[in-house]
Amino acid sequence: MALRSTACVLLRATVDAGLKHQARGLRSTAVLGHRSLPLGPMPNEDINWTQLDSLEKYRSYTRYVRAAEEADRKDVWWKTYRKFREEEKTEAIEPVNIGLPYQRPSRKTEVKERKKVMLENKKNPEMERDNRLRTFRIPLVKVKAQWEQTNGPFHIKRLAEHYGIYKDLFPMAYFVPRVMLRVAYGEDSSAAVHYGNRLTPSQAAQAPQIDFEAEENSLWTLLLTSPGTSK
């Protein structure tokens, strides 16, 4: 009888210890799952999603861009993607821009020129008729010229970074190709150099014909290098 009572006491003690251990585990899990309060308001917290029609309308792309730039300049309490990227850049040495200086025209000048072109297009009866009959066509030569003046240099820079051209030429420097070169081989310029095409040795046997736009009486230096043998 005494042995039975002793076994019951030990069993009860074991059960109590198990419950206490389980309670301690639940408590530690609750502590680990606890999240700290935000240090400020969350993004778009003040927007009432039940009354979206009452929100302020931008009414133009220019106003939207201006509001987005103002919001981007504001300091926030959370860590943005840009802050993560800036921390990564501070650890590594940033490459140096050795390209030609470039000053982009002001936004006001671009809008003024755009309005001028739109006004001239509206006064053109042939363009208005082609647009109405859906027969209007834009020449690809003009599209390429506009691309070379706007986004073309940055696209070419991304291609050069992707294929490691800057790394082979000068590891700690880069440049944005502001001057477009037109390179072709042959007397009739039949073998033209594009972004990524390959020419055979027989096609490139003669000296290349290089064409680029420059101001009158200006001096330029043309340098021919081989990234494959510069290592």
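The values are calculated or read from the model by the stated rules, or taken from the named source; none is laboratory data. None of these values were measured; they are calculated from a predicted model. Counting neighbours? That spans all protein chains shown, and the Cβs are built from the backbone with ideal geometry, glycine included. Calculation scope for accessible area: heavy atoms of the full protein, side chains included, ligands and nucleic acids excluded. Shrake-Rupley method; radii C 1.70, N 1.55, O 1.52, S 1.80 Å.
In summary, His155 fulfils each of the numbered conditions (1) under 28 Å from Thr225 (Cβ atoms); (2) at pLDDT 85 or above; (3) open to solvent by 100 Å² or more (accessible area, probe 1.4 Å); (4) of a type outside the set (Lys, Arg) with the single exception of condition (3). Against the conditions (1) open to solvent by less than 70 Å² (accessible area, probe 1.4 Å); (2) closer than 30 Å to Val96 by Cβ; (3) in contact with a helix residue (DSSP H, G or I) (Cβ under 9 Å, 6 or more places away or on another chain), where does Val183 fall short? Just the number, please. Failed condition: (3). Here Asn131, Asn217 are screened, and the one residue that is at positive phi, out of contact with any strand residue (DSSP E or B) (no Cβ under 6 Å at 6 or more places or on another chain) and free of Cβ contacts under 8 Å to residues at least 60 places away in the same chain is Asn217. Quick check, is Leu140 touching a residue at least 24 places away in the same chain (Cβ under 8 Å) and among the aliphatic types (A, V, I, L, M)? Judged against the criteria, Leu140 is not a match. Annotation: Tyr102 fulfils all but one of (1) exposed (fewer than 10 other Cβ atoms within 10 Å of the Cβ); (2) free of Cβ contacts under 8 Å to residues at least 12 places away in the same chain; (3) in a loop (DSSP other than H, G, I, E, B); the unmet one is (2). Residues being touching a residue at least 60 places away in the same chain (Cβ under 8 Å), in contact with a Lys or Arg (Cβ under 6 Å, 6 or more places away or on another chain) and open to solvent by 100 Å² or more (accessible area, probe 1.4 Å) are entirely absent from the range 83-93. Only a single criterion out of (1) over 28 Å from the mean Cα position of the chain (by Cα); (2) open to solvent by 90 Å² or more (accessible area, probe 1.4 Å) is not satisfied by Ala204, namely (2).
Considering only residues that are among the aliphatic types (A, V, I, L, M) and open to solvent by 90 Å² or more (accessible area, probe 1.4 Å), which ones fall in the range 105-118? Steps first, answer last, please.
Pass one, the range 105-118, residues among the aliphatic types (A, V, I, L, M): 111, 117-118.
Of everything in the range 105-118, just one residue is among the aliphatic types (A, V, I, L, M) and open to solvent by 90 Å² or more (accessible area, probe 1.4 Å), namely Met118.
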